[in-house]
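Written out below as structure tokens is the structure these notes cover.
Values in this text are rule-based calculations from the coordinates and carry no lab data. Source: prediction; values computed, not measured. Backbone-built Cβ (ideal geometry, glycine too); neighbour counts: all protein chains shown.
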Amino acid sequence: MSSSNPSMVVKFYGTRGSIPVCSMDFLEFGGNTSCIAINLPDKNVLNIIDAGSGIRTLGQELMQSGSKLPEEMTIGFTHFHWDHIQGLPFFPPAYMKNLKINLLMMGRDSDFDKLKKILFDQMGGDFFPISMDEMGANFNFVSMKHKVTQNSTGMSVTARLHSHPGGALSYRIERNGKVVVISTDIEHNPTIDQKIVDLARNADLLIHEAQYTTEEMVGKEGWGHSSYQQAIQVAQMSNAKKLIMTHHDPNHNDNFLTKMETKCQKEFPNCLLAREGMVIEL
Ligand SMILES: [Zn+2]
Ligand SMILES: [Zn+2]
């Protein structure tokens, strides 16, 4: 799937769901919570989906690149559960004076002030020593309609609300004919969400969560997650070319995930389980 001049470079910085985990059993697939970077290499533009604990590593990489900091940096959120925002206070570029960082706010009932308040509150007095105002970067809060096209990069983003406690968004990101779709923290209940199948139609890369096995799903109705089987179904129904499953359950160690990956590949050969640091060029 790699090409000499990729239109988008996708890199996983956080592949874990719910809570970060750290032990020898979690080194291959990684222990940091949700964070995916989508780089537009010809434009030096960086888009980040979710600010779980993995965003800290991404920030460190950016700082080490010195003068090559992205000209445009946007963090979009699928939703605001802890595992998708907890890394923001530890994102080094956010402490750079006047660096502009766009924060894309959508979802819930699109009450903009309420959404801003969520990020401010997690850095409020009882929770963190530095407030968001004191960090230094110039946070530019932006909202988008369900579809936006960025003229300067030719990238278009379509968002669609899906079922998850409090609501969450799936994103379809298109550029130069290449398509990546991200759908995490999604509960297909009781059947596969046709809206998301349509959103993922013919995607070059579908990134879909798979927190549980079919057996583990029993008793977890309303928890807001999918099984490996359901992620594969979405990929098959949408005719996606490649599937990467992420948001691994904190109880699933490397041994478990390696076995699960082999099992899933029997049903959908072009699939992988996300590993921290994995790069896909489109
Ligand atoms: Zn999550
Ligand atoms: Zn969630």
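Report the paramagnetic label zone for K147: residues of region 156-183 whose backbone N is under 16 Å from a point 7 Å from Cα along the Cα-to-Cβ axis. From region 156-183, the list is 156-161, 170-181. Anisotropy class assigned to the chain is rounded, per the alpha carbon gyration tensor with a/c under the 1.5 cut-off.
By per-residue mean of other Cβ atoms within 10 Å, what is the highest-first order of 179-186, 54-61?
Highest mean packing first, the order is 179-186, 54-61.
Given axes a ≥ b ≥ c from the Cα gyration tensor, I'd like to know whether region 188-265 is rounded (a/c under 1.5), prolate (a/b larger than b/c) or oblate.
Judged from the Cα gyration tensor, region 188-265 comes out oblate (a/c at least 1.5, b/c at or above a/b).
If you take every DSSP beta bridge whose two residues both sit in the chain, what share of them, in percent to the nearest 5, is antiparallel? Bridges in the chain are about 50 percent antiparallel. Checked against a 30 Å cut-off, the cross-linked pairs K43/K116; K195/K263; K116/K241; K11/K266; K114/K241 give Cα-Cα distances beyond that limit for K116/K241; K114/K241.
Once the Cβ-Cβ distance of Q236 and E61 is raised to the sixth power relative to R0 = 41 Å, the FRET efficiency obtained is 0.75. With a sphere of radius 11 Å drawn around the Cβ of D198, what net charge do the other residues whose Cβ falls strictly inside it have (Lys, Arg +1; Asp, Glu -1)? Residues close to D198 contribute a combined charge of +3. I'd like the distance separating the alpha-carbon centroids of region 221-274 and region 159-184, in whole Å. Taking the Cα centre of region 159-184 as reference, the centre of region 221-274 is 17 Å away. Each residue of region 275-282 is assigned a 3J(HN,Hα), and the resulting list reads 10, 4, x, 5, 10, 10, 9, 10 Hz, derived from the Karplus form 6.51 cos²θ - 1.76 cosθ + 1.60 (θ = phi - 60°), x at Gly and Pro.
Quick check on packing: order 139-146, 25-32 by the mean number of other C-beta atoms within 10 Å, highest mean leading.
25-32, 139-146
What shape does region 49-175 have by the C-alpha gyration tensor, where a ≥ b ≥ c are the square roots of the eigenvalues, rounded means a/c under 1.5, and otherwise prolate means a/b greater than b/c and oblate the rest? Note, shape of region 49-175 comes out oblate.
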